[in-house]
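J.: Structure below; questions to follow.
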Amino acid sequence: MLEGGPAGAGPRRSILVAELLVTGQPEIAHIGVAVASIDGALAFYRDVLGMVPGPAEEADGARIVSLHFGGPEVELLEPRSPESPIAKFLAKRGPGIHHVCYRVPDLDSALTAARAAGYRLVDEVPRVGAGGHRIAFLHPKSTAGILIELTE
């Protein structure tokens with residue numbers, strides 16, 4: 001359960017999260033890392049850590065390369081335009097962890113539970129993200145300062 005959630009969420013939030021978990025435990029799907037250049041960042045992940053890069057994709061104004069190593073993936077995010085969310089993140093905070101993505105058994109139920117518990121949603125309804133996966137984001141102001149992505 002997330003700490004630092006909406007004020008006053010209390011026991012009702014716990015009940016909603018427990019209801020959601022009945023269908024399966026969420027797991028970390030990937031960690032998104034904002035970088036100015038995937039080519040520049042890739043050397044460390046590939047050559048030092050031995051992670052295997054997948055093919056480059058484009059979504060949400062970013063070039064995305066997922067790196068596989070047997071557990072949660074690392075998703076390198078490079079802006080494709082100065083107006084993209086990743087470009088804005090880099091301008092404000094510099095390179096680093098952009099978001100954590102959790103795989104949930106039922107994305108629609110997870111969004112309903114988050115909304116009912118008072119969490120601020122970036123995406124009110126799921127949308128298609130990289131790899132054709134259904135995704136939705138929760139705002140970091142209601143999730144202890146971390147941008148949370150949910151996927152199925």
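The values are calculated or read from the model by the stated rules, or taken from the named source; none is laboratory data. In this text the structure is predicted, and so the values were computed from the model without any measurement. In this analysis, Cβ positions are derived from the backbone assuming ideal geometry, glycine residues included, and neighbour counts consider all displayed protein chains.
J.: For the structure I just gave you, tell me whether V17 is of a type in the set (V, I, T), within 18 Å of E78 (Cβ to Cβ) and either modelled with pLDDT of 75 or more or surrounded by 12 or more Cβ atoms within 10 Å (Cβ to Cβ) (or both).
T.: On the way: of a type in the set (V, I, T): yes; within 18 Å of E78 (Cβ to Cβ): no; either modelled with pLDDT of 75 or more or surrounded by 12 or more Cβ atoms within 10 Å (Cβ to Cβ) (or both): yes.
Here the answer is no, as V17 does not meet what is asked.
J.: Here is a further query. R80 is checked against (1) surrounded by 20 or more Cβ atoms within 10 Å (Cβ to Cβ); (2) touching a Lys or Arg at 6+ places or on another chain (Cβ under 7 Å); (3) at pLDDT 95 or above and fails just one. What number does that condition carry?
T.: The failed condition is (1).
J.: Within the stretch 88-119, how many residues are touching a Lys or Arg at 6+ places or on another chain (Cβ under 6 Å) and either closer than 25 Å to G61 by Cα or modelled with pLDDT of 95 or more (or both)? So that I can check it myself, show each step before the final result.
T.: So in the stretch 88-119, the residues touching a Lys or Arg at 6+ places or on another chain (Cβ under 6 Å) come out as 107, 117.
Now drop any that are not either closer than 25 Å to G61 by Cα or modelled with pLDDT of 95 or more (or both), which leaves 107.
Residues flagged as touching a Lys or Arg at 6+ places or on another chain (Cβ under 6 Å) and either closer than 25 Å to G61 by Cα or modelled with pLDDT of 95 or more (or both) within the stretch 88-119 amount to 1.
J.: Could you say which residue among S109, S81 is over 30 Å from A43 (Cβ atoms) and among the polar types (S, T, N, Q)? Working first, answer last.
T.: Working: S81 fails: over 30 Å from A43 (Cβ atoms).
Among S109, S81, only S109 is over 30 Å from A43 (Cβ atoms) and among the polar types (S, T, N, Q).
Conditions (1) surrounded by 13 or more Cβ atoms within 10 Å (Cβ to Cβ); (2) under 16 Å from E75 (Cβ atoms); (3) in contact with a helix residue (DSSP H, G or I) (Cβ under 8 Å, 6 or more places away or on another chain), marked per residue:
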site	(1), (2), (3)
H98	yes, yes, yes
L107	yes, no, no
A116	yes, no, yes
Y119	yes, no, yes
P126	yes, no, yes
A130	yes, yes, no
P140	yes, no, no
G145	no, no, no
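J.: On to the next question. Considering only residues that are under 16 Å from the mean Cα position of the chain (by Cα) and of a type in the set (K, R), which ones fall in the stretch 50-87?
T.: Passing the criteria: only R63.
J.: Now a separate question. Quick check: is even one residue across the stretch 66-77 farther than 17 Å from I28 by Cβ and touching a residue at least 24 places away in the same chain (Cβ under 8 Å)? It would help to see each step written out before you state the result.
T.: Looking only at the stretch 66-77, we keep the residues that are farther than 17 Å from I28 by Cβ, and these are none.
No, that holds for no residue.
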